[in-house]
Every structure is written in C-alpha cells, then in structure tokens.
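Reviewing the structure listed below.
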Amino acid sequence: MDSINLLVLYNSICIKQLVKVIDKLLTLRIWAMTLKNKNSGKTNLSYIFGGFIVILVDLVLFPTVQTTVDDQLVNASAATQALGDLIPLFWILIGLGIAAAMVYSAFKD
C-alpha cells in the first residue's frame, strides 16, 4: 500500500472512532437535558463536567493521533505531508469545539 492509501485508511478509522465518541456525547447531552428539565432552569453541572471530560479525552488521545500520523507520513509526498500535518490540529479543534458547545449550552438559558 502506498502512503496515500494508508492515510485514507487511517482517516476512516479516526472518523469511525470520532463518530462513536460523538454518539456517546450526544447520549450524555440527552441525559443532561432531562436532568435540566427536572431542575427547572438551574445551571446543569453535567454539561460543564462533560465539557471537561471531552477536553481530557482529547488531550489524552492527542499523542496517539500525532504518532500515528507521523508514522503514516514517513514516505509520503510533500502535499500529503502538508495535509497530514493538519490532522492533529483538527483533532484538537474539534474536541475543543465540542467541549465549548457543551459548556455554552449549560449557560445559555
């Protein structure tokens, strides 16, 4: 397999894992929404805790993502390396975006 096929395979695996994490987060959000309805307008701490958990998971998995991308891009072309170097950045940005959305939703009401 050449490096582009390996990068595509790696990206599809990462996307599948990211979909699983997002599914679990949405389940947490639905659970938190039912809790918020019971508390009648009070700020729900589960959103805030969920946001911090997402940040922690994101930071814990970042070295794994970084080393896997680096390993896959050893013999890649310059264009593939340029795009591959953006994968860890997007990993962090997506994780922080999800966490920020969860914390924002705790305070928006």
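All of the numbers you see were taken from the coordinates with simple rules; none came from a lab. Because the structure is a prediction, the values reported are computed rather than measured. Here Cβ is always computed from backbone atoms with ideal geometry, including for glycine, and neighbour counts include all displayed protein chains.
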Using label points projected 7 Å from each Cα along Cα→Cβ, tell me how many nm separate LEU59 and PHE107, to one decimal. 1.9 nm
For ALA82 and LEU45, compute 0.36 nm times the residue count separating them, minus their Cα-Cα distance, and round to one decimal in nm. 9.3 nm
